[in-house]
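The values are calculated or read from the model by the stated rules, or taken from the named source; none is laboratory data. This is a predicted model, so every value here is computed, not measured. Cβ coordinates were reconstructed from backbone atoms using ideal geometry, including for glycine residues, and neighbour counts include every protein chain displayed.
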Amino acid sequence: MMLISQMGYKLVDNLLTLQKTKIMLSKSIEKALNSQIKIEAESSQIYLAMACWAEVKGLEGIAGFMYKQSQEERDHMLKLIKFVNERGGHAQISELSSPHVTFGSFKEMFEELLSHEIFVSNSINELVHVTLQERDYATHNFLQWYVAEQIEEEAVARNILDKINLIGDDKGGLYLFDRDIEKLNVTTVADPTAQ
């Protein structure tokens with residue numbers, strides 16, 4: 001009986017030691033990741049505002065596409081939150097900037113979307129740079145998914161703008177574009193399933 005309780009104490013002692021030596025994020029990486037959490041949350045809000053604008057303009061396909069993108073950005077944010085917390089940091093939920101809620105045209109809206117995705121890519125790239133400087137290879141490895149995702153996001157936005165430019169002012173083309181956008185599928189070289 002005494003041997004079992006000694007083993008129990010030893011196990012608790014080992015767990016406490018393990019918890020103290022738990023690999024933690026540096027404060028600078030934790031801060032940078034929290035900044036990215038905010039960017040992903042704002043991205044979700046931007047897509048949501050675009051979805052609302054498109055929906056009230058009768059562009060149901062574009063609205064559906066934007067609602068889906070909004071949820072995707074929220075999922076990106078949650079993935080970062082879980083990572084920060086699991087690595088011994090503390091994910092921070094902060095106040096968000098208000099997105100634009102009106103657009104001159106659906107083309108203008110997609111141009112803003114591309115511009116925002118480029119901003120997000122630059123932010124991710126800077127975050128990757130910080131992890132390399134600090135030799136935090138676990139976080140660097142985790143962020144590679146975001147790097148590949150941003151290649152895809154930019155490719156989708158550029159592909160959509162190419163289609164919009166082809167349509168021009170053709171209302172029939174807009175109708176078909178709105179109908180087909182939810183089925184849009186862009187494969188990039190960053191996609192591991194691409195051949």
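Overview of results
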item	result
Breaking point among (1) of a type outside the set (S, T, N, Q); (2) assigned to a helix (DSSP H, G or I); (3) at pLDDT below 85, for TYR47	(3)
Cβ pairs under 7 Å, 6+ apart, first in region 106-131 and under 17 Å from VAL147 (Cβ atoms), second in a helix (DSSP H, G or I) and of a type in the set (D, E, K, R)	GLU117/GLU153; GLU117/GLU154; ILE118/GLU154; SER121/GLU154
Pick from region 59-94, criterion in contact with a Lys or Arg (Cβ under 6 Å, 6 or more places away or on another chain) and in a loop (DSSP other than H, G, I, E, B), ranking: nearest to MET24 (Cα to Cα)	GLY88
Evaluation of MET77 against (1) surrounded by 17 or more Cβ atoms within 10 Å (Cβ to Cβ); (2) over 15 Å from the mean Cα position of the chain (by Cα); (3) without any contact (Cβ under 8 Å) to a residue 60 or more places away in the chain (one fails), failing number	(2)
